[in-house]
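Notes to accompany the following structure.
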Amino acid sequence: MFFRAVYKSGKNLSTVLSQCTRVTDRQTDGRTDRRTEFSSLDRVCIACSAVKMNTDKTDFIWLGSKYQLAKIHSPSILLEVVHVPVSSVVTCLGVQFDSQLTFTPHVQGLARRSFYHLRQLQSVRRSLTTDSAKTLVHTLIASRLDYCNSVLYQINTTATKTLQSVLYSAARLIMRKRKFDRITPTLGDDLHWLPVSERIVFKLCLIIFKCRHHTAQQYLKELCQLVCSCHS
């Protein structure tokens, strides 16, 4: 059974997450006993001086498959003397994590906010030039789609289509296309935009490129290790 404590406050979050990433289940009289694991998690988190225990800014979430999560029946956990409720969805750095890591709440929220801004832009589109519309769409829509999108790698097709529909609507707004006009060629030929799935892959490739050329953050370079060397 996997778990992760996601803290909204604290400076050294990567240290906490790297040390608090796995729980080993032990069967005691046919029932799973996790009391010791909670105590261990408590000691690790409190020992990290950069983490401040604050019930208002602390979330706890179980990560696992549908069948693994069905075995857990605890509304909260006890850390020191603080009861932390178990959440089904937590937010970390603007990304919503759900228990099964489907990222469905994150995608739905992202699409909802993007369509809201598109409706606002649609009301003033006649007063904007094409370049101004592109700038606003990049600022309010494209930047949201690209933010932390590497975590969406290989998500389900439904979520990808939802984000792709946002991109199509943004392209129609810029090019003043009607709702049912074909827009796919416009993305590549006129706007030079990549589809959502390829934008995600591009972001991953960019991160790897920076790691290989020592321009990425130190913690990313430590996680990126060369599997093999190919010599021609």
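Which number in (1) surrounded by fewer than 13 Cβ atoms within 10 Å (Cβ to Cβ); (2) in contact with a strand residue (DSSP E or B) (Cβ under 8 Å, 6 or more places away or on another chain); (3) aliphatic (A, V, I, L, M) marks the one condition that Val124 misses? Against the list (1) surrounded by fewer than 13 Cβ atoms within 10 Å (Cβ to Cβ); (2) in contact with a strand residue (DSSP E or B) (Cβ under 8 Å, 6 or more places away or on another chain); (3) aliphatic (A, V, I, L, M), Val124 comes up short only on (2). Taken as a whole, the condition of being assigned to a helix (DSSP H, G or I), within 19 Å of the chain's Cα centre (by Cα) and aliphatic (A, V, I, L, M) does not apply to Leu118. Any residue in region 45-55 that is under 22 Å from the mean Cα position of the chain (by Cα), modelled with pLDDT of 80 or more, surrounded by 15 or more Cβ atoms within 10 Å (Cβ to Cβ) and not basic (Lys, Arg)? Among the residues of region 45-55, not one is under 22 Å from the mean Cα position of the chain (by Cα), modelled with pLDDT of 80 or more, surrounded by 15 or more Cβ atoms within 10 Å (Cβ to Cβ) and not basic (Lys, Arg), which makes the answer no.
Summed over region 78-94, the residues that are part of a strand (DSSP E or B) and under 24 Å from the mean Cα position of the chain (by Cα) give a count of 7.
Looking only at residues in region 182-193 that are out of contact with any Leu (no Cβ under 8 Å at 6 or more places or on another chain) and under 20 Å from Thr162 (Cβ atoms), which one is modelled with the highest pLDDT? Among those that are out of contact with any Leu (no Cβ under 8 Å at 6 or more places or on another chain) and under 20 Å from Thr162 (Cβ atoms), it is Leu191. All of Val107, Val137 fail the test of being under 11 Å from the mean Cα position of the chain (by Cα) and either assigned to a helix (DSSP H, G or I) or over 30 Å from His73 (Cβ atoms) (or both), apart from Val107. Within region 164-214, being closer than 24 Å to Ser123 by Cα, of a type in the set (Lys, Arg) and without any contact (Cβ under 8 Å) to a residue 40 or more places away in the chain holds for Arg172, Lys177, Arg178, Lys179, Arg182.
The values are calculated or read from the model by the stated rules, or taken from the named source; none is laboratory data. What you are looking at is a predicted structure, and each value in this text was computed from that prediction instead of being measured. Ideal geometry is used to build each Cβ from the backbone, glycine not excepted, and the neighbour counts take in all protein chains shown.
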